[in-house]
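The values are calculated or read from the model by the stated rules, or taken from the named source; none is laboratory data. Computed from a predicted structure; not experimentally measured. Don't worry about glycine lacking a Cβ; one is built from the backbone with ideal geometry, like all the others, and counts go over all protein chains shown.
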Amino acid sequence: MPSLTDIAFTLGGIDRSLWQGLAQETPVALQQHWAYGETLQAISAAVQQLNILVDGNTVGLALVGQRRFYGLIRLNSLMRGPLWTGELDSAARAAVFRALRRHFNPWRWNFMAFQPELEDTADNQGLLKQAGYRRVMTGYSTIWCDLAADTETLRASLNAKWRNQLKSAEGSTLEITVGGRKQHQYAWLLEKETAQQKTRGYQGIPTGLVPIYASIADRFAPDDPSVGVMSVSAIAGRKKVAGAVFLLHGNSATYHIGWSGDDGRRMNAQNRVLWEGMLALKERGIRFLDMGGINTGEGAGIARFKLGLGAKPVTLVGTWL
């Protein structure tokens, strides 16, 4: 286990090349991918890259959002990270977390809101408590789908009712189209999402970030199919009846926007949209799909739809100071 004197941190600009050295068997949350950091910077948000070094070697990195109040108080936020270049045992992680808390020292008016990508277990809570943190907010819940299996295995893992709805949609007259970074391919879904947010009274990530995210991918990774935007549209006749927008970030993607109209719901079109999206992501080399959170309260219907994929829901350990 490294000692605190072996661990160092550097904060600076985003170095996209370092993301190539990350462990590929671990999913990358959207909030911790360089393209998301560049997108936030494009709208004037303060984001820096935190490099974690042990004995001078980079073992992890993270994107850290920063806000300053009254010119003195600094509030840093590290959400759903850090990312690691390899496997670290719990003792090594505990040492890094202790050093991280010392680096962002509240006694110096330098606060860190830390939401690690760790499952909410007694062991992980204990790890953070031993590192000196206290929990201030319960954890976010989502579903990570592993797309590495072959198509037949993925289909067999679907909930039986969900699979039957998919089969029904496949037997209908629906036409499926898959789009990429060009805004005209997904703009209609942004309009539907904006209207949906107003109707249902919720707030999501601003839809305006989607074209900015696509432009960042065009600028910095024009030939990389694993970064950017992908849309899936279901068309009945000449009418778009359902669709989805996925944000792609390295070995992972996020189900960012989903919409279905009355005709789409009648035809189980969103089942087909999501399934075809999963297959298209596999073709692009995407290993993991984050279903964008689940809310079993107000969003119970949407949560049931996502749970129909058959993957286990995960609740994160929460936010700690």
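A few notes on this one:
- Test: residue in region 297-304 that is touching a strand residue (DSSP E or B) at 6+ places or on another chain (Cβ under 7 Å) and modelled with pLDDT of 95 or more: no
- Tallying residues that are in a loop (DSSP other than H, G, I, E, B), farther than 18 Å from Ile143 by Cα and among the charged types (D, E, K, R) within region 255-309 yields 1.
- Meets criteria (farther than 19 Å from Gly308 by Cβ, touching a Leu at 6+ places or on another chain (Cβ under 7 Å) and surrounded by fewer than 24 Cβ atoms within 10 Å (Cβ to Cβ)) for Ala236: yes
- If you filter region 12-37 down to residues that are outside any helix (DSSP H, G or I) and either at pLDDT 95 or above or in the same structural domain as Thr254 (by TED's automatic domain parsing) (or both), you find that the one that is surrounded by the most Cβ atoms within 10 Å (Cβ to Cβ) is His33.
- Whichever residue in region 196-214 is touching a residue at least 24 places away in the same chain (Cβ under 8 Å) and either surrounded by 24 or more Cβ atoms within 10 Å (Cβ to Cβ) or part of a helix (DSSP H, G or I) (or both) and, among such residues, is farthest from the chain's Cα centre (by Cα): Gln196
- Of all residues in region 275-296 being at pLDDT below 95 and touching a strand residue (DSSP E or B) at 6+ places or on another chain (Cβ under 7 Å), the one that is surrounded by the fewest Cβ atoms within 10 Å (Cβ to Cβ): Gly293
- Per-region count, region 310-321, residues outside any strand (DSSP E or B) and surrounded by fewer than 21 Cβ atoms within 10 Å (Cβ to Cβ): 5
- On inspection, Gln41 fails the criterion of being assigned to a strand (DSSP E or B) and either more than 18 Å from the chain's Cα centre (by Cα) or on the phi < 0 side of the Ramachandran plot (or both).
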